[in-house]
Amino acid sequence: MTGYDAKDIIKLNLKAVKIRKHIIEMLYRAKSGHPGGSLSAVDALVALYFFHMKLNPKKPHDPNRDRFILSKGHAAPALYAVLAERGYFPVEELKKLRMINCMLQGHPVCTYIPGVEASTGSLGHGLSFANGVALAGKLDKKNYNVYAMLGDGETGEGQVWEAAAVAAHYKLDNLTAMIDRNFLQIDGYTEDVLKLESVRDRWSSFGWNTIEIDGHDIEKIINALKEANTHERQPTMIILNTTKGKGVSFMENNVDFHGVPPNEIERNIAIEELTHAEKRLEATL
Amino acid sequence: MSKKVMVNPRNAYGEALIELGNKYNNLVVLDADLSKSTKTIMFAKKYPDRFFEMGIAEANMITTAAGLASCGKLPFVSTFAVFATGRVYDQIRMDIAYSNANVKIFATHGGISVGKDGVSHQMIEDIALMRVLPNMTVLAPSDAIQTGKIVHLMAEEHGPMYARVGRADAPLIYGKKDVEEMKIGKGMVVEDGSDISFISCGTMVEPALEARKTLAKQGINARVVDMHTIKPIDENLILKCVKDTNGIITAEEHSIIGGLGAAVAEILAEKNFSTKFLRMGIKDTFCESGTPSDLLEKYQLNEKHMVKNAKNILKN
């Protein structure tokens, strides 16, 4: 898809709210998982899967498809909810997250979950995997694009910077990475745990084209993705300035919800808040 | 005694890659600034578009290979055995083994006969590390001819595989015909015997053959098995050795923990086959710098110690 109007953006925002509701329900049922980083990643995932990427859920192995690699694998609930809503597998499956004998593992698995490109969860791998996909695309002269999403805390992993160097060295302009810059990781504020600033300067100095936007503004995400696709001879890093726990008031910027699921009361409040958001958006259609 | 023909298995790897590059246009090769040593440079010269220099960044190299495999490529990844396994264990575990990616890790400079570079470059734990990974096939060919064949087999069969060879030139054991029928997972009886079985892999097959000659002069008839595949291990051949001979000695340029000897021991114990048994390998220690022959003597991994050990376990 290329063009869009105001209504399309509202519909995408509605989809994002729906994904957030799925995430809350999934984690509540699973009684484990990572709400904070799942909620912060939702808008970019919606922009990719419901607007920007070339894909066909009926042909998940189409060699010409665009690929998305969730390097921050703990945001699996967000990815699963998006894949289910996009038609890769039944939405019913979401209820069985993290349960024995079920498909949806705690972290993404590529061998048997339709639409999942790489098995992640051990941080720092995804960008390297995306490099491989991008190199194959160049070698085969295919015009697909590859996207990867990293957590901000994740970029403490040395492998990320190996991959950053290699992507720039090989001029992988078919690669767009994103950082979910929510400023929080398990042990606290990223700048206290292991200083990351200036994130943008770091990536620029590694030879990347960089774009910095509000990571919850779907229109801006779409435009940034388009800009990244047309940029030549450099990979692009889109820094998504986000809020951990986005969309649920008591989870926002609350590090306690990095890896703790909502209890029943919290789930009810969260769903109520998201339903309100949904109604407000619907009213603008 | 006729003079032995020495050929480096690394060269056999480089030559096999060139042949396979012609046969499989999806074959790609990655290296981490060691292509001159691993001999992937031979492929790089012939097929520059399909060779990826990844720099001194092994973790990225392993995962990148998995990404290439996800797009239908057949990646061979090479560096020294220390850097190809221990350094990148998590990457191999998640992106190759768990993901069942069709990536072939071909490591050189395995074992202590790497020599003077010392412990940082002497890999004696790689077989153990790779053997515990589900989906992973583990290979250690013995000479250049077998290495060439194994590289072909790695390309033909789908799935994660790890192969290691040593650094040094190695005497030829086989002719091309000898390995025609070779299969992954099926050990080879190089020389038959009825008194004791040497079950060796990699660089330890040739000294076992030498030990066999010495023992023959003393009336001991040794069988020499080339167990080029450590996983999946050839159970039937191990059991045959138990039945046909009076003892088993395993030999590998690797720790006695977790490698070929351990794999054989597991089979013997679980099948309740009682036999005289000894593991030759590095005895849970780091080694040191030195010439390969000095190291193999000090750490008791040569023909002389094989002869001694064979006589001892048959006597007791």
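What is the number of the single condition among (1) within 15 Å of B:His158 (Cα to Cα); (2) within 11 Å of chain A (Cβ to nearest Cβ) that B:Thr64 does not meet?
Tallying (1) within 15 Å of B:His158 (Cα to Cα); (2) within 11 Å of chain A (Cβ to nearest Cβ), B:Thr64 fails exactly one: (1).
Only one of these conditions is not met by B:Val307: (1) under 24 Å from B:Gly118 (Cβ atoms); (2) crowded, with 20+ Cβ neighbours inside 10 Å. Which number is it?
Every listed condition holds for B:Val307 apart from (1).
Residue pairs, Cβ under 6 Å, 6 or more apart or interchain, first in segment A:25-38 and within 16 Å of A:Lys244 (Cα to Cα), second buried (at least 24 other Cβ atoms within 10 Å of the Cβ) and acidic (Asp, Glu). List them.
Taking only residues 6 or more apart or on different chains, not a single pair turns up.
Do we find that A:Val82 is under 22 Å from A:Phe50 (Cα atoms), β-branched (Val, Ile, Thr), within 12 Å of chain B (Cβ to nearest Cβ) and open to solvent by less than 40 Å² (accessible area, probe 1.4 Å) in this structure?
In short, no.
With (1) open to solvent by 10 Å² or more (accessible area, probe 1.4 Å); (2) of a type outside the set (Asp, Glu); (3) more than 21 Å from A:Gly121 (Cα to Cα); (4) part of a helix (DSSP H, G or I) as the list, and A:His22 as the residue in question, which single condition is left unmet?
Of the numbered conditions (1) open to solvent by 10 Å² or more (accessible area, probe 1.4 Å); (2) of a type outside the set (Asp, Glu); (3) more than 21 Å from A:Gly121 (Cα to Cα); (4) part of a helix (DSSP H, G or I), the odd one out for A:His22 is (3).
For A:His125, state whether it is within 14 Å of chain B (Cβ to nearest Cβ) and open to solvent by 10 Å² or more (accessible area, probe 1.4 Å).
Details: within 14 Å of chain B (Cβ to nearest Cβ): yes; open to solvent by 10 Å² or more (accessible area, probe 1.4 Å): no.
Judged against the criteria, A:His125 is not a match.
Go through the residues of segment A:90-99 one by one and say whether even a single one is touching a helix residue (DSSP H, G or I) at 6+ places or on another chain (Cβ under 9 Å), within 14 Å of another protein chain (Cβ to nearest Cβ) and surrounded by 16 or more Cβ atoms within 10 Å (Cβ to Cβ).
no
Among the residues of segment A:128-166, count how many are over 17 Å from A:Leu225 (Cβ atoms) and either within 11 Å of another protein chain (Cβ to nearest Cβ) or without any contact (Cβ under 8 Å) to a residue 12 or more places away in the chain (or both).
Summing the residues that are over 17 Å from A:Leu225 (Cβ atoms) and either within 11 Å of another protein chain (Cβ to nearest Cβ) or without any contact (Cβ under 8 Å) to a residue 12 or more places away in the chain (or both) in segment A:128-166 gives 21.
Take the residues in segment B:35-57 that are more than 8 Å from every other protein chain (Cβ to nearest Cβ) and open to solvent by less than 10 Å² (accessible area, probe 1.4 Å), then tell me which one is farthest from the chain's Cα centre (by Cα).
Step by step, filter segment B:35-57, then rank; the result is B:Phe43.
Is there any pair with a first residue in segment A:268-285 that is within 16 Å of A:Lys15 (Cβ to Cβ) and a second that is modelled with pLDDT of 95 or more and open to solvent by 80 Å² or more (accessible area, probe 1.4 Å) whose Cβ atoms are under 7 Å apart and which are 6 or more apart or on different chains, and what are they?
Listed pairs, sorted by first residue: A:Leu285/A:Lys7.
Which one of these does A:Arg67 not meet: (1) over 28 Å from B:Thr63 (Cα atoms); (2) touching a helix residue (DSSP H, G or I) at 6+ places or on another chain (Cβ under 6 Å); (3) of a type in the set (Lys, Arg)?
(1)
All but one of (1) open to solvent by 10 Å² or more (accessible area, probe 1.4 Å); (2) in contact with a Phe, Trp or Tyr (Cβ under 8 Å, 6 or more places away or on another chain) hold for A:Arg67; which doesn't?
The number of the failed condition is (1).
Quick grid of which residues meet (1) touching a residue at least 12 places away in the same chain (Cβ under 8 Å); (2) open to solvent by 40 Å² or more (accessible area, probe 1.4 Å); (3) in the same structural domain as B:Arg223 (by TED's automatic domain parsing); (4) hydroxyl-bearing (Ser, Thr, Tyr):
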position: B:Ala263; (1), (2), (3), (4): yes, no, yes, no
position: B:Asn272; (1), (2), (3), (4): no, yes, yes, no
position: B:Leu278; (1), (2), (3), (4): yes, yes, yes, no
position: B:Leu301; (1), (2), (3), (4): yes, no, yes, no
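Checking the condition within 14 Å of chain B (Cβ to nearest Cβ) and either among the charged types (D, E, K, R) or in contact with a Ser or Thr (Cβ under 7 Å, 6 or more places away or on another chain) (or both), which residue from A:Lys220, A:Lys226, A:Lys171, A:Lys244 passes?
Result: A:Lys171 is the single residue among A:Lys220, A:Lys226, A:Lys171, A:Lys244 that is within 14 Å of chain B (Cβ to nearest Cβ) and either among the charged types (D, E, K, R) or in contact with a Ser or Thr (Cβ under 7 Å, 6 or more places away or on another chain) (or both).
I'd like the residue in segment B:67-78 that is touching a strand residue (DSSP E or B) at 6+ places or on another chain (Cβ under 7 Å) and within 7 Å of chain A (Cβ to nearest Cβ) and, out of all such residues, is surrounded by the most Cβ atoms within 10 Å (Cβ to Cβ). So that I can check it myself, show each step before the final result.
Here is the first cut: in segment B:67-78, the ones touching a strand residue (DSSP E or B) at 6+ places or on another chain (Cβ under 7 Å) are B:68-69, B:73-78.
Now restrict to residues that are within 7 Å of chain A (Cβ to nearest Cβ): B:68, B:73.
Values: B:Leu68: 28, B:Lys73: 23.
Taking the candidates together, the pick is B:Leu68.
Can you name the residue in segment B:79-94 that is out of contact with any Gly (no Cβ under 9 Å at 6 or more places or on another chain) and more than 16 Å from B:Met136 (Cα to Cα) and is also nearest to the other protein chains (Cβ to nearest Cβ) among such residues?
Applying the filter and picking the extreme gives B:Arg87.
Do we find that B:Tyr98 is open to solvent by 20 Å² or more (accessible area, probe 1.4 Å) and either within 22 Å of B:His228 (Cα to Cα) or more than 10 Å from every other protein chain (Cβ to nearest Cβ) (or both) in this structure?
Spelling it out, it is not the case that B:Tyr98 is open to solvent by 20 Å² or more (accessible area, probe 1.4 Å) and either within 22 Å of B:His228 (Cα to Cα) or more than 10 Å from every other protein chain (Cβ to nearest Cβ) (or both).
The values are calculated or read from the model by the stated rules, or taken from the named source; none is laboratory data. Here the structure is a predicted model, which means the values were calculated and not measured. Note: ideal-geometry Cβ built from the backbone for every residue, glycine included; neighbour counts use all protein chains shown. Just so you know, the surface numbers come from the protein's heavy atoms only, side chains and all, with ligands and any DNA or RNA stripped out. Shrake-Rupley method; radii C 1.70, N 1.55, O 1.52, S 1.80 Å.
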